[in-house]
Amino acid sequence: MTTPHVLIAGAGIGGLTAALALLRQGIDVDVYEQAAELREVGAGVQISANGTRALFNLGIGEGLLARSCEASGKEIRLWSTGQTWTLFDLGAQSVAQYGFPYVTVYRPDLLEALLDGIRRLKPGAIHLGRKLTGFEQDSDRVHLRFADGQIATGDVLIGADGIHSRVRHTLFGQEDASFEDASFTGMIAWRGVIPMERLPAHLARPVATNWVGPGRHVIHYPLRGGALMNVVGIVERADWQVESWTARGTTAELAADFPGWHPDVQAMIAAIDAPHKWALMLRRPLPQWTRGRVTLLGDACHPTLPMLAQGAVQAIEDGYVLARALSGIADPGDALRRYEAARQERTTRMVLGSAENAARFHNPELANPEGAAAYVGREWSEDRVRQRYDWLFRYQVDTVPL
Ligand SMILES: Cc1cc2nc3c(=O)[nH]c(=O)nc-3n(C[C@H](O)[C@H](O)[C@H](O)COP(=O)(O)OP(=O)(O)OC[C@H]3O[C@@H](n4cnc5c(N)ncnc54)[C@H](O)[C@@H]3O)c2cc1C
């Protein structure tokens, strides 16, 4: 069987994973990224065992571990009193149960690990400063157009171009308009990355913490071998609705969104110099990802709220499964449809589960310490936690049927 030449729009986590997975299957790939350089607006990401399984299988596990953190524990803390419930030893439990670690990693570090793997196989695979503006497909080729007037031709196109995907828009036209018409969740998210040495000693720990309270929650976890702390705070607030990765707020505005929260949360906030903020939008799962020789992956087809910490992990799974389909099924159109069929139900369930978690983290029962203890005991019992996460973590990207 002859292997297709695959073109990928977008060099985010999903696009780079797909590129590496394809190259490892002996399939030629070119990746077109609109940015002039691969620079990330700093943020951390949690990669659960289902994602690290893929990255280890792609030969970059060691590179990932060298750049990331295996949090030694996971805690729930109450917004008002700081009461702490220790859940489990995240790192050890993940390897014991699922065979692969749970890591937290600075996004530029994850991109670097993926790029290292790609450069080893095809040094010139990534083309920067190439913004896709449109494409046409015929019965056996796809023709891409870029903003700089250049063109490219291949056998398959993968739209890994994120939430406002040009590929999705070109594929689905009018139908895409309803997808673009996202509804505001009434929540905004704040985030910042803090050098660990700026935190008081008792907070500078390699532990992943989820602070819960009525109408708000805060997550923080270590990055880069414990040199950095990633902080995300989510607040129910309706006066700002810009969906942006780059908009900045001020430390004072962030602090004002967490009035009366525990001094440990205030200390974290005070250590963030220039926090980013963005509005959280909800989109209905997209009914179709593929037409002919073109398909989508990651945020382009299943953007999600961050409350299950699975957006990037699912993009990684997509890339891996897509490469398996394209290497094992002779007809590219069939391969893309089989990939879509294998991935759609799971990613839809993840998007819906993530929205449910928002209500769980912000429940009004958390207002008073007495009600809160019963609520946390119930919602974070071993059984409930397993119910919410086990189906995600035990997925085996390398053996799932296609
Ligand atoms: C606060 C927050 C916390 C999160 N935490 C987690 C977490 O803990 N764990 C987790 O798994 N996920 C997390 N996520 C989700 C995760 O970051 C995303 O789901 C993931 O990055 C999606 O990857 P992607 O490759 O599909 O898209 P992107 O990362 O958006 O990449 C798309 C790429 O395409 C490029 N592009 C766009 N348009 C064009 C074009 N026309 N031509 C060429 N290139 C183009 C872009 O420049 C970009 O490089 C979080 C998200 C948020 C907002």
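In the chain, helices alone account for a calculated mean residue ellipticity at 222 nm of -12000 deg cm²/dmol, with every DSSP H run of four or more residues adding -39,500 (n - 2.57). Semi-axes of the equivalent ellipsoid for region 201-242, computed as √(5λ) from the eigenvalues of its C-alpha gyration tensor and ordered from largest down, come to 25, 12, 6 Å. Karplus-derived 3J(HN,Hα) values for region 108-115, using 6.51 cos²θ - 1.76 cosθ + 1.60 with θ = phi - 60°, are x, 5, 5, 4, 5, 4, 5, 4 Hz; glycine and proline are entered as x. What a 1.4 Å probe finds exposed on region 1-60 is 40% carbon and sulfur by accessible area, rounded to a whole percent. Rolling a 1.4 angstrom probe over region 349-402 with all protein chains present gives an accessible area of which 51% lies on carbon and sulfur atoms.
Across the alpha-carbon atoms of region 275-402, the computed radius of gyration and Dmax are 17.8, 61 angstrom. Listed by chain and number, the aspartates and glutamates whose alpha-carbon sits under 13 Å from that of Lys122, ignoring those within fewer than 8 places in the same chain, are Asp28, Asp30. Using only alpha carbons, region 70-194 has a radius of gyration to Kirkwood radius ratio (Rg to Rh) of 1.10.
Averaged over residues, the count of other Cβ atoms within 10 Å places the peptides 163-174, 215-226, 377-388 in the sequence 215-226, 163-174, 377-388, highest first. Counting only protein chain heavy atoms and rolling a 1.4 Å probe, the accessible areas of Glu62, Glu37 rank, largest first, as Glu62, Glu37.
In the context of the full set of protein chains, residues of the chain present 39 Å² of accessible surface per residue (probe radius 1.4 Å, heavy atoms only). Peptides 263-269, 365-371 ranked from most to least packed give 263-269, 365-371, packing being the mean of other C-beta atoms within 10 angstrom over each peptide's residues. Heavy-atom surface analysis with a 1.4 Å probe gives region 240-279 a carbon and sulfur content of 61 percent of its accessible area. With the largest listed first and rounded to whole Å, the semi-axes of the equivalent ellipsoid of the chain from the Cα gyration tensor are 36, 22, 20. Computed packing ranks the peptides 312-324, 272-284 as 312-324, 272-284, most packed first, by mean other Cβ atoms within 10 Å.
The values are calculated or read from the model by the stated rules, or taken from the named source; none is laboratory data. Keep in mind the model is a prediction, meaning the values are calculated, not measured. Glycine gets a Cβ as well: all are built from the backbone with ideal geometry, and neighbour counts include every protein chain shown. What goes into the accessible areas is simple: the full protein's heavy atoms, side chains included, and nothing from ligands, DNA or RNA. Shrake-Rupley method; radii C 1.70, N 1.55, O 1.52, S 1.80 Å.
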